[in-house]
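This report concerns only the one structure given below.
The values are calculated or read from the model by the stated rules, or taken from the named source; none is laboratory data. Since we're looking at a predicted model, the values are computed, not measured. When we count neighbours, we look across all protein chains shown, and the Cβ atoms used for this are built from the backbone with ideal geometry, even at glycine.
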There are 2 protein chains.
Amino acid sequence: MARPDHRRLILETLQKQEQPISAQALFAQLRQQGQTIGLATVYRILSHLRREGLLCCHGQPEGEILYSLAEHHYHYLTCIRCRRMIRLPACPWQEWEKTLKFPEPFQVLYHELQLFGLCHLCQGLPKEVGGSKTPLQ
Amino acid sequence: MARPDHRRLILETLQKQEQPISAQALFAQLRQQGQTIGLATVYRILSHLRREGLLCCHGQPEGEILYSLAEHHYHYLTCIRCRRMIRLPACPWQEWEKTLKFPEPFQVLYHELQLFGLCHLCQGLPKEVGGSKTPLQ
DNA sequence: AATTGAGCGAGAACGATTATCATTATCTTG
DNA sequence: CAAGATAATGATAATCGTTCTCGCTCAATT
Ligand SMILES: [Mn+2]
Ligand SMILES: [Mn+2]
Ligand SMILES: [Zn+2]
Ligand SMILES: [Zn+2]
C-alpha cells in the first residue's frame with residue numbers, strides 16, 4: 001500500500017482553514033475525512049513546517065497552540081473575556097517594518113502579532129464580582 | 001491567623017521579574033520566600049489578573065505559559081535556527097497603534113509581537129540535512 | 001532478494017493547568 | 001458576642017495538550 005503524502009495533506013488542510021487550527025482539531029478533521037494518520041505524525045509534520053518557517057504559531061493563553069500558514073496569514077483581535085477572535089483586514093507588517101530598528105542584522109522570515117483585550121460586546125458588561133466561574137477558554 | 005494578601009504578593013513578585021515567569025516558577029519562588037501559598041491560589045489569582053487585562057500571557061510551544069505585567073514588557077527577534085532571542089530596545093506599539101484600523105470597536109489591553117527569522121550568525125550557514133533534532137524554542 | 005533507514009501509528013509518559021473538596025478565615029445577622 | 005452563612009485556601013486528583021517510545025511498514029539502494 002502506497003504511503004500517503006501526509007505533509008501535503010496537512011498543508012492543503014491548513015490552506016482550507018478560515019481560522020488558525022489546533023493540532024488536535026487538525027488530526028480530528030483528517031480522521032473524519034477517512035484519512036489514516038496518527039496524532040504523532042500530525043505533531044511531527046507541524047514541527048517540521050515550523051522549523052522551515054512555513055507556519056504561524058498562535059500560542060493561546062491557555063496553552064493550546066493554533067497553527068496557520070505563514071504565507072497568507074492574518075492577525076487577530078482576541079477578546080480575553082469571550083475568546084472571540086476578530087480578524088484584521090490586512091497585515092500591517094509591511095508598513096511597520098520600515099520604522100523598526102534592529103540591534104543587529106536580522107532576516108525576518110515571519111512574525112506573530114496578537115492583540116488581546118475586550119470586544120465591543122464584552123466592554124459594557126458588569127465586572128464579574130463573584131467567583132468568576134467563566135472559563136478563560 | 002490573619003490571611004495574607006496573596007494578590008498583592010503576586011503582583012509585587014511579578015514586578016520584580018526581569019523576564020516573563022511561569023505559574024509554577026512563581027509558586028516555587030513564593031514558597032522559597034517562606035510564604036504559605038498553594039499552587040491553586042497562584043493559578044486563581046493569575047486568572048483574575050488576566051481577566052482584568054493586567055497580564056501579558058506568553059504561551060510557549062510546549063504548553064507552558066509565561067506571565068508578565070502588561071505595563072512593562074519587551075519583544076524579541078527569535079532565530080529559528082540557533083534559537084537565540086534578541087531583545088528589541090523598545091516596544092513599537094505606541095507608534096503603530098495610530099495607524100491600525102479595527103473592523104469593530106475593540107479595547108486593546110495588551111499585545112504580543114514576536115519576529116522569527118535568521119540572525120546574522122546563521123544567515124550564511126547551509127541548510128540542515130539531518131533529522132533536525134533541535135527542540136523548538 | 002537482502003539490507004538499510006526513514007516514516008508511521010498506537011499508546012504510554014510527561015507536565016502544565018484545572019477541578020474537587022474538606023477545612024478555615026471572614027463576614028453577616030441577630 | 002454567638003452562630004450561621006459565605007468566601008478563600010491548599011492538598012490532591014483529574015484533565016488534557018504535547019512529547020516520547022517502540023515495534024512495524026514501506027521504499028530506496030545494493
Ligand atoms: Mn502579519
Ligand atoms: Mn509591546
Ligand atoms: Zn468578547
Ligand atoms: Zn541564529
Report the residue count in segment A:69-117 for those that are under 25 Å from B:H120 (Cβ atoms) and within 16 Å of ligand 3 (Cβ to nearest atom).
-> 0
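Output the residue which, of all residues in segment B:113-137 that are modelled with pLDDT under 85 and within 16 Å of ligand 1 (Cβ to nearest atom), is nearest to the chain's Cα centre (by Cα). Talk me through it step by step, then tell me what you get.
So in segment B:113-137, the residues modelled with pLDDT under 85 come out as B:114, B:116-118, B:122-137.
Next, from what is left, pick out any that are within 16 Å of ligand 1 (Cβ to nearest atom): B:114, B:116-117.
Details: B:Q114: 11, B:F116: 16, B:G117: 19 Å.
Among those residues, the one meeting the criterion is B:Q114.
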Residue hits (segment B:45-85; charged (D, E, K, R) and within 16 Å of ligand 4 (Cβ to nearest atom)) are B:R81, B:R83, B:R84
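For segment B:1-12, how many residues are closer than 22 Å to B:Y74 by Cβ and surrounded by fewer than 17 Cβ atoms within 10 Å (Cβ to Cβ)? Can you show your working first?
From segment B:1-12, those closer than 22 Å to B:Y74 by Cβ are B:10-12; that's our starting set.
Still in the running and surrounded by fewer than 17 Cβ atoms within 10 Å (Cβ to Cβ): B:11-12.
Count: 2.
Can you go through A:E97, A:E104 and tell me which one is surrounded by fewer than 16 Cβ atoms within 10 Å (Cβ to Cβ), modelled with pLDDT of 85 or more, more than 7 Å from chain B (Cβ to nearest Cβ) and closer than 19 Å to B:C119 by Cα? Walk me through how you get there before you give the answer.
Values: A:E104 fails: more than 7 Å from chain B (Cβ to nearest Cβ).
Matching residue, one of A:E97, A:E104: A:E97.
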From the list B:Q35, B:Q15, which one is surrounded by fewer than 17 Cβ atoms within 10 Å (Cβ to Cβ), at pLDDT 90 or above and in contact with a Pro (Cβ under 8 Å, 6 or more places away or on another chain)?
-> B:Q35
If only one of A:Y110, A:Y67 is surrounded by 13 or more Cβ atoms within 10 Å (Cβ to Cβ), modelled with pLDDT under 90 and hydroxyl-bearing (S, T, Y), which one is it?
-> A:Y110
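Among residues belonging to segment B:1-52 that are of a type in the set (G, A, S) and either within 16 Å of ligand 3 (Cβ to nearest atom) or part of a helix (DSSP H, G or I) (or both), point out the one that is farthest from the other protein chains (Cβ to nearest Cβ).
Filtering segment B:1-52 down to residues of a type in the set (G, A, S) leaves B:2, B:22-23, B:25, B:28, B:34, B:38, B:40, B:47.
Checking which are either within 16 Å of ligand 3 (Cβ to nearest atom) or part of a helix (DSSP H, G or I) (or both) leaves us with B:23, B:25, B:28, B:40, B:47.
Numbers: B:A23: 11, B:A25: 15, B:A28: 19, B:A40: 13, B:S47: 6 Å.
Out of the qualifying residues, it is B:A28.
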Whichever residue in segment A:53-64 is in a loop (DSSP other than H, G, I, E, B) and modelled with pLDDT of 85 or more and, among such residues, is surrounded by the most Cβ atoms within 10 Å (Cβ to Cβ) | A:L54
